[in-house]
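The values are calculated or read from the model by the stated rules, or taken from the named source; none is laboratory data. Predicted, not measured: the structure shown is a model, and the values here were computed from it. A quick note on method: Cβ atoms are made from the backbone with ideal geometry, for glycine too, and the neighbour counts reach across all protein chains shown. Accessible surface areas use protein heavy atoms only, side chains included; no ligands, DNA or RNA. Shrake-Rupley method; radii C 1.70, N 1.55, O 1.52, S 1.80 Å.
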Amino acid sequence: MRILTVLGIAILASTTAVAADRSAADADKAAIQALEDTYNEGFITKDVDKVMSVYIPGKQLFVFDVVPPREYRGADAYKKDYQELFAMFPGPIKNVISEQTIHVVGSVAWGHNIQSGEFTAKDGSTVKIVARTTDIYRKIGGKWLIVEEHNSVPVDLDTMKPDTLSKP
């Protein structure tokens with residue numbers, strides 16, 4: 001009887017620990033989703049500071065973007081990229097994030113999504129682009145931040161042209 005009681009307590013403790021882990025992971029996923037929402041709100045309103053608030057500050061940030069140069073090292077370099085993008089398209093911007101995935105392991109997480117954007121140029125014309133984004137997140141001081149990002153569009157190897165409106 002005593003063995004069954006000890007076994008029951010062990011199972012209950014294990015079940016409680018698993019539920020706590022799931023609850024923590026769910027909270028982390030929700031925090032990362034909120035981070036992605038903050039990014040998109042800043043992007044649509046062209047609020048560079050709001051956009052950059054989701055990235056790790058300083059020189060630790062590393063980004064591959066869809067536009068040259070090949071890479072951005074550090075938050076200052078990537079902030080300049082956003083400033084130039086918003087200046088190039090002074091009209092309204094639309095951006096929809098879909099197919100978001102988020103995977104959390106401790107204080108590190110990763111995810112990917114599809115971003116469908118529409119940009120209004122100085123002459124009023126619009127440019128549409130569908131980009132693939134993969135982010136790596138770290139929880140630093142209780143806050144999730146993007147520490148590495150890769151944005152891309154597929155390339156048609158027959159024509160060597162980007163497929164800016166890619167579909168699955």
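For segment 87-101, take each phi angle, set θ = phi - 60°, evaluate the Karplus expression 6.51 cos²θ - 1.76 cosθ + 1.60, and give the result in whole Hz per residue in order, putting x for glycine and proline.
Each residue's phi maps through the Karplus curve to give 5, 5, 10, x, x, x, 10, 10, 8, 10, 9, 9, 6, 5, 10 Hz.
What percent antiparallel are the DSSP beta bridges of the chain, to the nearest 5?
Antiparallel: roughly 90 percent of the beta bridges in the chain.
How large is log10 I(q)/I(0) at q = 0.16, 0.21 Å⁻¹ when the Debye formula is applied to the Cα atoms of the chain, each weighted equally and without solvent?
-0.97, -1.48
For segment 43-49, take each phi angle, set θ = phi - 60°, evaluate the Karplus expression 6.51 cos²θ - 1.76 cosθ + 1.60, and give the result in whole Hz per residue in order, putting x for glycine and proline.
Going residue by residue, I get 5, 5, 8, 6, 8, 4, 5 Hz, with x marking Gly and Pro.
Across segment 153-165, in residue order, what do the Karplus-derived ³J(HN,Hα) couplings come to in whole Hz, using 6.51 cos²θ - 1.76 cosθ + 1.60 with θ = phi - 60° and x for Gly and Pro?
10, x, 10, 6, 5, 6, 9, 6, 9, x, 9, 6, 10
Run the quick spin-label model on Arg22 and Asp81: label points 7 Å from Cα toward the beta carbon, then report their separation in nm to one decimal.
3.8 nm
Share of segment 44-162's accessible area from carbon and sulfur, percent, 1.4 Å?
That fraction is 58 percent.
Ranked by accessible surface with a 1.4 Å probe, highest first, in what order do Leu165, Leu85 come?
From most accessible down to least: Leu165, Leu85.
So which lysines can Lys79 reach, going by Cα to Cα under 18 Å and dropping same-chain residues fewer than 8 places off?
Lys46, Lys50, Lys59
Using label points projected 7 Å from each Cα along Cα→Cβ, tell me how many nm separate Arg132 and Ile44, to one decimal.
2.6 nm
On the full set of protein chains, 1.4 Å probe, figure out the accessible area of Glu118 and give it in Å² to the nearest 10.
50 Å²
Can you give me the long-range amide H partners of Gly74? Hydrogens built in the peptide plane at 1.01 Å from N, cutoff under 5 Å, separation of 5 or more residues or another chain.
Close amide H contacts, sequence-distant or interchain: Leu61, Phe62, Val63.
Spin-label point model (7 Å from Cα, Cβ direction): what's the Val105 to Val155 distance in nm?
Taking the simple label geometry, Val105 and Val155 are separated by 3.0 nm.
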